[in-house]
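The values are calculated or read from the model by the stated rules, or taken from the named source; none is laboratory data. This structure is a prediction, so every number in the text was calculated from the model and none was measured. As a convention, Cβ positions derive from the backbone with ideal geometry for all residues, glycine included, and neighbour counts pool all protein chains shown. What goes into the accessible areas is simple: the full protein's heavy atoms, side chains included, and nothing from ligands, DNA or RNA. Shrake-Rupley method; radii C 1.70, N 1.55, O 1.52, S 1.80 Å.
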Amino acid sequence: MVVDDHPMWREGVARDLTEAGHLVVATSGEGRQAVRVAPAARPDLVVLDLQLPDISGVEVIRGLRAALPQVRVLMLSASGEQQSVLDAVKAGATGYLVKSAAPAEFLDAVRRTAAGEPVFTPGLAGLVLGEFRRLAAGADLFAGGRGPVAATAGPDTDAPRLTDRETEVLRLVAKGMSYRQIAERLGLSHRTVQNHVQNTLGKLQLHNRVELTRYAIERGLDD
């Protein structure tokens, strides 16, 4: 689904996606309309502009995620402002790309976002990881400095049990590594890494790698 208030841009993005073999199930120029249409259209991925005429892209993300918890959202915005990026990710965006990206870069971002991999315009990934670490540190202080959850959890906790390999992959996800980088580091195939990530998401009842990264950082697994 493509949501952008500029008709030529919206139609161009939809055309590029269709020509690349993707099925565009809906387009919209307004945020509220997008939230209304999404439950019936049931998109797997939404390409969403940040600035819309009625409500903000951040509000649209919240509405989409409330209606379709599994939906993945790729922000495609003219703004590369740090706060815009952080607000979008906190609301549930899987990736964030500026509109100056080349068509090939955009289509690659769509493919990777659809696979659940967080995609950010170069320079923004470190910003997001840094913010997650700051939030995790703040949560730790609020908890009285008890340290990461994983370090204090006893054997009788209800926390899902991950295999050693899933935990190893999770640590590398928390470091901001891509599937391909993780595969090369561990000597695995790209598909095997994807499977480990998907299994871990299912066990932890999380929706995407952005949420998984935050989960890992909050538990001190990025050291």
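Numerical summary
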quantity	calculated
Answer residue from the range 82-127, given it is surrounded by fewer than 19 Cβ atoms within 10 Å (Cβ to Cβ) and among the acidic types (Asp, Glu) and is modelled with the lowest pLDDT among those	Asp87
Qualifying residue in the range 71-79 (condition: within 16 Å of the chain's Cα centre (by Cα), open to solvent by 30 Å² or more (accessible area, probe 1.4 Å) and under 18 Å from His22 (Cα atoms))	yes
Hits in the range 177-191 - residues which are under 20 Å from Ala109 (Cβ atoms) and either open to solvent by 80 Å² or more (accessible area, probe 1.4 Å) or assigned to a loop (DSSP other than H, G, I, E, B) (or both)	Met177, Ser178, Arg180, Gln181, Arg191
Number of the exception - Val60 against (1) crowded, with 21+ Cβ neighbours inside 10 Å; (2) more than 15 Å from Ser77 (Cα to Cα)	(2)
The range 18-39, residues that are open to solvent by 10 Å² or more (accessible area, probe 1.4 Å) and not in a loop (DSSP other than H, G, I, E, B)	Thr18, Glu19, Thr27, Arg32, Gln33, Val35, Arg36, Val37, Pro39
Those residues of the range 155-176 which are hydrophobic (A, V, I, L, M, F, W, C) and either surrounded by fewer than 18 Cβ atoms within 10 Å (Cβ to Cβ) or farther than 15 Å from Ala216 by Cβ (or both), in sequence order	Ala159, Leu162
